[in-house]
Each structure stands twice: as C-alpha cells, then as structure tokens.
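Student: Sending over a structure as structure tokens; questions will come in a sec.
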Amino acid sequence: MRIWSLLEGPVINLFMGSVLAYAAFSLLGEYRKRFMANPKAAMSAEVLMLAITSSGGPGYLAAFLLAGSVLCFLLAAFTLLFNLSSYFGVLH
C-alpha cells in the first residue's frame, strides 16, 4: 500500500496530461485538413502555429491544452522519478 501512495500523484498527473492532450488533438482538425491537402507544406512548426492562430479560439485553446499536457507529463515524470528513488533508498 505504501508504494501506491508514492505513485498516486504521478498517475493522476499522467491521466490529466492524457486528457488534456486528447482534447488538444481533437481541436486540431484544421491542421489535419491542411496537412492532407499538401503534406510537404504542412510539415513545419511555422505552418502548425499558423493553423493554430488562424483557427481562432479553438486553436488557442488547443495550444494551451498542449502546453498543459506537456507540463503534466513532465511533472509526472519528475515526481515518479523522485518518489521511486526515495522509495528504493537512492535519496536519503
């Protein structure tokens, strides 16, 4: 039971990050349309940012959700690493 108390925080963060990433990618349908129309032109970060900014509110929300999901995944990885290292006695 003690190991679950160490894993509970990272698991919740991974779940939240997954939900945010799912919501963000579901809002990026406009980028998918542009990519299918011309794949070589849509393979750059500039075109992705243009698709996000030109789609208005949903695009801004998608960018915000993607940033939040990345932060959740980073936080989950850090807390998982820290909790497991303290559990196994690496950190005293």
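Student: Looking for something modelled with pLDDT of 85 or more and either crowded, with 16+ Cβ neighbours inside 10 Å or of a type outside the set (A, V, I, L, M) (or both) - is there at least one such residue anywhere in the range 32-54?
Tutor: For the range 32-54, residues modelled with pLDDT of 85 or more and either crowded, with 16+ Cβ neighbours inside 10 Å or of a type outside the set (A, V, I, L, M) (or both): absent.
Student: Can you pull out the residues in the range 68-83 that are touching a residue at least 60 places away in the same chain (Cβ under 8 Å) and surrounded by 15 or more Cβ atoms within 10 Å (Cβ to Cβ)?
Tutor: Matches in the range 68-83: Phe73, Leu75, Ala76, Thr79, Leu80, Asn83.
The values are calculated or read from the model by the stated rules, or taken from the named source; none is laboratory data. All values reported here derive from a predicted model rather than from experimental measurement. Every residue, glycine among them, receives a Cβ derived from its backbone with ideal geometry; neighbour counts consider all protein chains shown.
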